[in-house]
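Report on one structure; see the data block that follows.
Please treat every number below as a calculation from the coordinates, not as lab data. Keep in mind it's a predicted model, so treat the numbers as computed, not measured. Cβ atoms come from the backbone with ideal geometry, glycine included; neighbour counts cover every protein chain shown.
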Amino acid sequence: MFNDIGPLELVALVVLAVLVFGPDKLPKLIQDVTRTIRKIREFSEGAKQDIRQELGPEFKDFEFEDLNPKTFIRKQLDNDELGLKEIRNGFDMKKEMAEVTDAVHGREPESSTSGSSTSSSSSASGSSGGTIDMTKKPENPRDDRPPFDADAT
């Protein structure tokens, strides 16, 4: 719960509590806080048990942590019954990205290294070799505005 509180911070909190509540009221306050926390835990455990009993025997392995969407998805993706690990390992992202890049630039997919080096160097050297310059503005910009419908707005 308090994993990131260091020893110096803990000492500072104790000193602050002694200054605020006083040394005579502090033990009673600590007892009250621990009793309240214990009651809250007992109440939540009782509620969990009641829910499990009401759900029936088919939900005996039900965990409330599974209701967290991240935990649920992680648990389902780690399940070997679906075969997702084989599918995930079957993708070669570098190859897929190379194919997408080639398709965008209008080149043939790289099947052999000797043929692709000449075709990629020739298309890279020519400005009109099927490559698109995304920094240039279109030569004939359209000045037409979309139709305006005063009744629609």
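Worth pointing out:
- Counted by Cβ distance under 15 Å from Ile40, the other residues give a net charge of +2, where Lys and Arg count +1 and Asp and Glu count -1.
- From phi via Karplus (6.51, -1.76, 1.60), per-residue ³J(HN,Hα) for the range 64-70 in Hz, x at Gly/Pro: 5, 5, 6, 6, 5, x, 5
- FRET efficiency for the pair Leu8 and Lys94, taken as 1/(1 + (r/R0)^6) with r the Cβ-Cβ distance and R0 = 41 Å, rounds to 0.25.
- Count Lys and Arg as plus one, Asp and Glu as minus one, and take only other residues whose Cβ is under 11 Å from that of Phe59; the net charge is then -3.
- Taking other residues whose beta carbon is less than 14 angstrom from the beta carbon of Gln31, and scoring Lys, Arg as +1 and Asp, Glu as -1, yields +3.
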